[in-house]
Amino acid sequence: MIRRRDLLKGTGLGIIGGAFLSRVSAATPPKWQHSTDITMFRGNPTKTFYGTGPLRERLRVVWKYEMGGYFSPAHGNKPAKTWRGTGWTGTAVVVNGNVYVGSLDSHVYAFDGNDGRLLWRYKGGAMFKSSACYYDGKLYIGNVDNHLHCIDAATGRRLWRYNSHHDLDSSPVPAEGRIFVGGEAGWMHAFSPWGQVIWRTFLGGDKGEPGSCGVETSPSVWKGRVYAATYEGKLYCLSTADGSVNWVADTGDDTDVSPVIWNGRVYIAAEEKSPYVFCFDALTGQQIWKFGGWRTGGFWSTPAVSDGRVYIGANSGRFYCLDALTGKVVWEIRLPRPVWSSPVLVDGKLLFGSYDAHLYMVDAATGRLIFKKFMGARVLSSPAVVDGRVFVGTAGGMFYCLE
């Protein structure tokens, strides 16, 4: 039997705060030639950059890190629970070869993307469920402690924080020299990079269940407009200049899926009371089509949209490829458990996780299964793919680099 201590011998790695870092073998991992960055959830303000290859058809673990846990006491009908790993909204950002990711154990971690060396840890007041964004040497990330945190990316030192007075699951988006983020208090914000509130607009949706209300989507920005959805089933289009409302469309239920802007259209999806994928005109808010029904079980996965197709996982375990112009099904596959992970599309391959503890790779043209890897626990987060390396966490507490 190989003990954890034996695994660490001769690596220069140690146990840090109850967690440990390991390479899969004693051999030094191949030098990772990184040339691109992923600075926010889904790569750009319209949510249409999914990463870069070459993405190999079989993946192996290069390094992994075991995160800690966060104890949440009983609240109302919710029992006490210890949360681990990366949440459904917790996707890594990768900049200059460094990997930054928030964890449910209340820390933001910075790793060297090549060998997994821990660069620093930052402690928040509660769980980091949000994905970070990177802008001008700073990380911006929301926390269940009700604050938006701004962290120096080089040192892990806090520069400032803003109290939104409710959970912040929404992942910030840098665009037009500003930081846009929503919150469960129901407000949409535009900040300067230094923490000044430029404007905020109340979108409602603040009357939901604790931990699930207001704005949980990551906003999208396109041509002077910012798009965000709410617990009450509304999709808003606001002016990036002053936060004024351009239009409002109905999705019919709590909408945590982030809007994706492609070819002048907005693609979004709602939860089980209105289990549909919607396509709206990005300029007017007019509904163009909707797809779904009770068999989908609703949607928590943000779609990937590219080359005239929409790819999205459903709570029923179905995974769909739809025609982006009409909403008609191109292909469909069925998996054993729900898919909340948001798919990424690299080299004609879709990569996403599932509740069944697997990471799946599927041919985007046909839906054919190329490869699946057992990850030991539910994979709710979306993978980040940079120059062929895949960075993804699980609900079991492990964060992985695969290649």
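Find how much the distance from Val248 to Lys223 grows on full extension, using 0.36 nm per residue of separation minus their present alpha carbon separation; answer in nm with one decimal.
Numbers: separation 25, 0.36 × 25 = 9.00 nm, distance 1.71 nm.
Gain on extension, Val248 to Lys223, equals 7.3 nm.
Rounded to the nearest 0.05, what FRET efficiency is calculated for Leu119 and Leu325 with R0 set to 41 Å and r the Cβ-Cβ distance?
On the way: r = 45 Å, r/R0 = 1.09.
The computed FRET efficiency comes out at 0.35.
How large is the charge dipole for the chain, taken about the Cα centre, if only the Cβ atoms of Lys, Arg (+1) and Asp, Glu (-1) carry charge, to the nearest 20 debye? Provide the component values of the computation, followed by the final result.
Values: 44 positive and 34 negative charges, 251 e Å.
It comes to approximately 1200 debye.
Between Arg58 and Trp294, how high is the FRET efficiency from 1/(1 + (r/R0)^6) when r is the Cβ-Cβ distance and R₀ = 30 Å? Nearest 0.05.
On the way: r = 37 Å, r/R0 = 1.22.
So the FRET efficiency works out to roughly 0.25.
Summing -39500 (n - 2.57) over the DSSP H runs of n ≥ 4 in the chain and dividing by its residue number, what mean residue ellipticity at 222 nm do you reach, to the nearest 500 deg cm²/dmol?
Computed ellipticity for the chain at 222 nm equals 0 deg cm²/dmol.
Determine the alpha carbon to alpha carbon distance for each of Lys123/Lys273; Lys81/Lys373; Lys328/Lys349 and list only those over 32 Å.
On the way: Lys123/Lys273 37 Å; Lys81/Lys373 27 Å; Lys328/Lys349 21 Å.
Distance filter (> 32 Å) returns Lys123/Lys273.
Sort 65-71, 136-142 by the packing proxy (mean of other Cβ within 10 Å over each peptide's residues), most packed first.
Values: 65-71: 18.9, 136-142: 21.1.
With the highest mean Cβ count within 10 Å placed first, the list reads 136-142, 65-71.
For a quick check: sort Ile312, Ile370 by the number of other beta carbons within 10 angstrom, fewest at the front.
Working: Ile312 28, Ile370 17.
Fewest to most other Cβ atoms nearby, the residues stand as Ile370, Ile312.
Report the extension gain between Asp136 and Lys78 in nm, rounded to one decimal, defined as 0.36 nm multiplied by the number of residues separating them, less their alpha carbon distance. Intermediate values should be presented prior to the final figure.
Numbers: separation 58, 0.36 × 58 = 20.88 nm, distance 3.98 nm.
My answer for the length gained is 16.9 nm.
List the trypsin sites (Lys or Arg not before Pro) within the range 317-381 that DSSP assigns to loop and that have no more than 16 neighbouring Cβ atoms inside 10 Å. Kindly include the intermediate steps, with their values, before the conclusion.
Values: sites: Arg318, Lys328, Arg334, Lys349, Arg368, Lys372, Lys373, Arg378; in loops: Lys328, Arg368, Arg378.
Here the trypsin sites (Lys or Arg not before Pro) that fit, given the DSSP loop and packing criteria, are Lys328, Arg368.
Starting with the highest mean, order 194-204, 337-347 by the number of other Cβ atoms within 10 Å, averaged over the residues of each peptide.
Numbers: 194-204: 15.2, 337-347: 23.4.
In descending order of packing, they fall as 337-347, 194-204.
By how many nm would the segment from Ser35 to Leu369 lengthen if fully extended, with 0.36 nm per residue of separation less the alpha-carbon distance? Intermediate results must be reported in sequence, preceding the final value.
Values: separation 334, 0.36 × 334 = 120.24 nm, distance 2.85 nm.
Taking 0.36 nm per residue and subtracting the Cα distance, the gain is 117.4 nm.
Among [x] 1.39; [y] 0.95; [z] 1.08, find the value of Rg/Rh (Cα atoms, Kirkwood Rh) that was calculated from the structure presented, and write down its label.
Correct label is [y].
Counting only other residues whose beta carbon sits under 14 Å from that of Gly252, what net charge do I get with K and R as +1, D and E as -1? Please report the intermediate quantities before stating the final value.
Numbers: positive: Lys234, Lys273, Lys290; negative: Glu232, Asp250, Asp253, Asp254, Asp256, Glu271, Glu272.
With Lys, Arg at +1 and Asp, Glu at -1, the net is -4.
Since every read-out is calculated from the coordinates, none of them should be taken as a lab result. These figures come from a predicted structure and were not determined experimentally. We place every Cβ from the backbone using ideal geometry, glycine too, and count neighbours over all the protein chains shown.
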